[in-house]
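Note sheet for the following structure.
The values are calculated or read from the model by the stated rules, or taken from the named source; none is laboratory data. If you're wondering where the values come from, they're calculated on a predicted model, not measured in any experiment. As a convention, Cβ positions derive from the backbone with ideal geometry for all residues, glycine included, and neighbour counts pool all protein chains shown.
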Amino acid sequence: MKFFNYCSSNSVKALLLTLSSLILAACIVPSSIKQAAVLSHPTLDTLIPQLLTADYILLGEEHDQPKIHLFRARLLKELAKHRSLLVSVEHITSDKQPILDANLAHPQELQRALDWNKSGWPKWSMFLPLFEALRDTRAIVRCGNRRTTDTFDDLIPYGLNAPLPHETRLREELEKMHPPSMKIPLERMVLAQRRRDAALAVSLDQGKATMRILLAGNGHIRKDYGVPWYIRYHNPEARVLAIGIISGTEANKDKGVYDYLVRL
């Protein structure tokens with residue numbers, strides 16, 4: 001129940017949902033984290049047959065690596081030949097969904113409409129191939145992120161308040177990334193991470209498609225405490241593939257938290 005105090009709603013409905021989620025969590029056996037299949041410079045022919053077995057595909061990234069975005073753009077175009085796509089992007093908050101919808105047909109104009117240069121993300125030219133691919137594939141595109149002022153009650157059925165089996169790992173990673181000098185309470189960082197991961201999971205179910213794809217940082221698509229856990233909490237039968245994508249030979253220690261680790 002430790003996360004319930006952070007929820008914005010005090011309604012009886014929210015309480016009942018929380019209690020139900022805790023009961024369900026107690027019945028879920030934490031998934032074992034198996035060794036990932038490591039693929040170096042894979043061809044699309046190598047990956048596509050595996051990806052077509054999934055309902056949800058989570059494509060990770062190092063945010064500032066253009067070749068990763070280019071690779072995923074090619075993947076999107078190839079997958080669209082076989083499935084109808086719903087694609088959620090971590091990089092845009094849900095309040096900007098109308099802006100995305102109105103400008104996706106013209107990705108160059110989308111940069112200005114989103115005020116991307118002030119967003120904190122790397123330069124638009126890196127991400128442009130992705131948004132061109134989203135336009136060309138006619139995918140349903142969802143803004144997966146949320147503002148801190150948004151409501152989060154709809155995340156409860158996805159396990160936001162449920163015990164996270166590998167929360168210790170999440171805490172350790174957050175402590176590494178945020179030194180004490182930042183003076184951000186660890187509990188607040190954990191809650192923010194959980195909210196984002198659960199929100200990304202919810203965004204993948206906002207529309208009809210035969211394949212649902214997430215574009216997000218490698219840390220968000222981890223099987224132990226990331227988006228896959230929230231998807232499976234809500235839909236235990238979901239077929240989920242987490243594809244970590246890195247630009248070099250590092251991150252050997254993380255290869256067990258993905259289904260595939262792609263090195264480009």
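Listing for the model above:
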read-out: Residue list for region 217-234, restricted to those being assigned to a helix (DSSP H, G or I) and either touching a His at 6+ places or on another chain (Cβ under 9 Å) or not β-branched (Val, Ile, Thr) (or both); value: Asn218, Gly219, His220, Val227, Pro228, Trp229, Tyr230, Arg232, Tyr233, His234
read-out: Options Gly219, Gly244: the member that is touching a helix residue (DSSP H, G or I) at 6+ places or on another chain (Cβ under 6 Å) and either of a type outside the set (A, V, I, L, M) or surrounded by 19 or more Cβ atoms within 10 Å (Cβ to Cβ) (or both); value: Gly244
read-out: Tally of residues being of a type in the set (Asp, Glu) and under 18 Å from His69 (Cα atoms) across region 87-137; value: 3
read-out: Filter result (free of Cβ contacts under 8 Å to residues at least 60 places away in the same chain, among the β-branched types (Val, Ile, Thr) and farther than 30 Å from Glu78 by Cβ) within region 137-157; value: Thr148, Thr149
read-out: Residue match in region 115-125 (condition: at positive phi and either touching a residue at least 24 places away in the same chain (Cβ under 8 Å) or more than 17 Å from the chain's Cα centre (by Cα) (or both)); value: yes
read-out: Condition met for Ala133 (outside any loop (DSSP other than H, G, I, E, B), in contact with a Pro (Cβ under 6 Å, 6 or more places away or on another chain) and surrounded by 20 or more Cβ atoms within 10 Å (Cβ to Cβ)); value: no
read-out: Among the candidates Glu78, Glu173, residue that is charged (D, E, K, R) and either within 18 Å of Tyr225 (Cβ to Cβ) or crowded, with 19+ Cβ neighbours inside 10 Å (or both); value: Glu173
read-out: Evaluation of Asp197 against (1) modelled with pLDDT under 95; (2) surrounded by 24 or more Cβ atoms within 10 Å (Cβ to Cβ); (3) part of a helix (DSSP H, G or I) (one fails), failing number; value: (1)
read-out: Qualifying residue in region 39-48 (condition: surrounded by fewer than 17 Cβ atoms within 10 Å (Cβ to Cβ), of a type in the set (D, E, K, R) and at pLDDT 95 or above); value: no
read-out: Subset of region 88-121 [among the β-branched types (Val, Ile, Thr) and surrounded by fewer than 19 Cβ atoms within 10 Å (Cβ to Cβ)]; value: Thr93, Ile99
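Residue-wise test of (1) over 21 Å from Arg146 (Cα atoms); (2) in contact (Cβ under 8 Å) with a residue 24 or more places away in the chain; (3) of a type in the set (A, V, I, L, M); (4) touching a Lys or Arg at 6+ places or on another chain (Cβ under 7 Å).
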position	(1), (2), (3), (4)
Met182	yes, no, yes, no
Pro185	no, no, no, no
Met189	no, no, yes, no
Thr210	yes, yes, no, yes
